[in-house]
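Reviewing the structure listed below.
The values are calculated or read from the model by the stated rules, or taken from the named source; none is laboratory data. Given the structure is predicted, the values throughout are model-derived calculations rather than measurements. As a convention, Cβ positions derive from the backbone with ideal geometry for all residues, glycine included, and neighbour counts pool all protein chains shown. These area figures cover heavy atoms from the full protein model, side chains too; ligands, DNA and RNA do not enter into them. Shrake-Rupley method; radii C 1.70, N 1.55, O 1.52, S 1.80 Å.
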Amino acid sequence: MDVMQTLSTQTLARMIKIGKGLGKSDILDLLMEANLWSKRIAKDDNRQEILRTALNEARDKAIEEDDAEAHQALLDFARALVEFDLHRDLRNLVDDLAEALRTDGYELVDQVTDDLDLMDFRHKVKILPFDASQAPLHEEMTALEHELSVRGYTQALGHYQAALKHFSEQDHPSSNGQLRTALEDLIVNLAVDHTGYQNTGRANQGGLAIKNLYAQGGTGPAVTGKPLPERDGGTMIQGVWDISHLNGSHPGLSDAQEARIRMQLLTGAMHFLLRHFPV
């Protein structure tokens, strides 16, 4: 049986580091808001111990009892912390929390600016999973869906969402086919926006467009927004593109394990491309 992937102890430690700077009454309110209240909490304990007790108990439930509500409560508490009216010293710790969340597979974004670096702390925030398998597929946007939507890459978004739908329905060949098309649409969009590539409107442009996203023979280092050197990202992207065309949408040629690997591999590659070629 798979063990639920929840927030790491390192991420909890960063939440505690921020939370201990709040008043005890505020801490208790936030714990109640996030549904993290526990009978084990002693109000006479210091602020760190109160937080440590509540967060570790929820993490244990998420892992040992496969408790999705406990896992969600941890995410809700992280979100509530970031949305709180933090003074400057505590705000400076949010970047560390965001980095820890990324390591756990989540992206922290501002609902208004769509960019944590530009965050106005009066805004609401979202915590989005990188891995589509961590999200309820019909209820929550993944970080990749969010980014595609923000950039207006609607065709790539539509194909990626179709891939998620087919994956959840265990229609693995169809999921692979939609993933391949999502990657191709993204490659064409990025080539047009960052390299001057001309979109002909024809099908199957990906193989040509991808040649504009990396410099053959280049050794690096990679420069954000510029074509990837072949030996610093270019070969990887070309390899993912080539792999996406093996087995693909042909019936019967992809089992559940291969489909999940493809989902993770292509999702990661698309994140990588979007990060290297920013808005």
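Can you pull the percent of Cα pairs in region 186-244 with separation above 18 Å?
Details: 506 of 1711 pairs.
Counting pairs separated by more than 18 Å, the tail of P(r) holds 30 percent.
Just subtract the alpha-carbon distance of Arg275 and His245 from 0.36 nm times their residue separation and send over the number in nm, one decimal. Walk me through the numbers on the way to the answer.
Numbers: separation 30, 0.36 × 30 = 10.80 nm, distance 2.34 nm.
Fully extending the segment from Arg275 to His245 adds 8.5 nm.
Is there a quick way to get the dipole size of the chain? I mean about its Cα centre, with the Cβ of Lys and Arg at +1 and of Asp and Glu at -1; what is the value in debye to the nearest 20?
Numbers: 28 positive and 43 negative charges, 129 e Å.
Value, rounded to 20: 620 debye.
Using helices alone, I'd like the mean residue ellipticity at 222 nm for the chain: each DSSP H run of four-plus residues gives -39500 (n - 2.57), total over residue count, nearest 500. Before the final figure, lay out each step's value.
Numbers: 12 runs with 153 residues, N = 279.
Result for the chain: -17500 deg cm²/dmol, rounded to the nearest 500.
Using Stokes-Einstein with the Kirkwood hydrodynamic radius over Cα pairs, what translational diffusion coefficient do you get for region 168-279 at 10 °C and a viscosity of 1.306 mPa s, in µm²/s rounded to a whole number? Could the numbers behind the result be given before it?
On the way: Rh = 14.5 Å.
Here the translational diffusion coefficient equals 110 µm²/s.
Filter the cross-link list Lys20/Lys126; Lys17/Lys43; Lys39/Lys126 down to pairs whose alpha-carbon distance in this structure exceeds 24 Å. It would help to have the intermediate numbers written out before the result.
Values: Lys20/Lys126 22 Å; Lys17/Lys43 19 Å; Lys39/Lys126 29 Å.
Going by Cα-Cα distance, Lys39/Lys126 fall outside the 24 Å limit.
Quick one: what Rg and Dmax do you get for the chain from the alpha carbons, in Å?
21.2, 69
Round to the nearest 0.05 the FRET efficiency obtained for Ser25 and Asn56 when R0 = 35 Å and r is the Cβ-Cβ distance. Display every interim value, and only then the final one.
Details: r = 21 Å, r/R0 = 0.61.
It comes to 0.95.
With everything on Cα atoms, drop me the angle between helix 9-19 and the longest principal axis of the chain, reported from 0 to 90° to the nearest 10.
Helix 9-19 and the main axis of the chain meet at about 60 degrees.
With a 1.4 Å probe and all protein chains left in place, how much accessible area per residue does the chain have, in Å²? Working shown, then result.
Working: 14590 Å² over 279 residues.
Accessible area per residue: 52 Å².
If the reach is capped at under 19 angstrom between alpha carbons, list the aspartates and glutamates near Lys211, excluding any in the same chain fewer than eight residues apart.
Glu184, Asp185, Asp193, Glu230, Asp232, Asp242
Please identify the longest segment of the chain free of exposed trypsin sites (Lys or Arg not before Pro), where exposed means a DSSP state other than H, G, I, E or B and no more than 16 other Cβ atoms within 10 Å. Write down the numbers at each step before the final one.
On the way: sites that count: Lys39, Arg40, Lys43, Arg122, Lys124, Arg202.
With trypsin sites (Lys or Arg not before Pro) excluded where exposed in loops, the chain gives 44-121 as its longest stretch.
Within the chain, what whole-number % of the accessible surface is contributed by carbon and sulfur, with the 1.4 Å probe and all protein chains included in the calculation?
Carbon with sulfur: 46 percent of the solvent-accessible area.
Give me the compactness ratio for region 5-48, meaning the Cα radius of gyration over 2.2 N^0.38 Å. Provide the component values of the computation, followed by the final result.
On the way: Rg = 10.8 Å, N = 44, 2.2 N^0.38 = 9.3 Å.
Normalised Cα radius of gyration, region 5-48: 1.17.
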